[in-house]
Amino acid sequence: MLNSIIIMGRITADPELRTTQSGLSVTSFTVAVDRSFSKEEKQTDFIPVVAWRGTADFVTKYFH
């Protein structure tokens, strides 16, 4: 069983598709997620994400 998470935020830059030497698609990007401590204080976390194969193709095609 795999762990899964849902991250909702903003992509900091357009993802670029790369291909490994063995022909696998891979892309990496960063998602900015706001965190509220109170009404006045907010912090932003920057979460690095790596997508492989079909997911990488989907991300580079539709995420901008």
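Please treat every number below as a calculation from the coordinates, not as lab data. Since the structure is predicted, the reported quantities are computational estimates derived from the model, not experimental observations. A quick note on method: Cβ atoms are made from the backbone with ideal geometry, for glycine too, and the neighbour counts reach across all protein chains shown.
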Checklist outcome for this item: In degrees, nearest 10, the alpha-carbon axis of helix 53-62 is tilted away from the dominant principal axis of the alpha carbons of the chain by 60
Next on the checklist: Over the chain, what is the relative contact order in percent, taking alpha-carbon pairs closer than 8 angstrom and at least six residues apart?
Outcome noted: 34
Next on the checklist: For the ranges 27-35, 43-51, 15-23, what's the packing order if you count other beta-carbon atoms within 10 Å of each residue, average per peptide, and put the highest first?
Outcome noted: 27-35, 43-51, 15-23
Checklist entry - For the chain, what D do you get in µm² per second when you plug the Kirkwood radius from alpha-carbon pairs into Stokes-Einstein at 37 °C and 0.692 mPa s? => result 247
Checklist entry - For the charge dipole of the chain, defined by +1 on Lys and Arg C-beta atoms and -1 on Asp and Glu C-beta atoms about the Cα centroid, which residue among S22, S36, I7 has the Cα displaced farthest towards the positive pole? => result S22
Next on the checklist: So if each residue of separation counts as 0.36 nm, and I subtract the Cα-Cα distance between M8 and R35, what length gain in nm does that give?
Outcome noted: 8.6 nm
Checklist entry - How far apart, in nm, are the 7 Å Cα→Cβ label points at Q21 and H64? => result 3.5
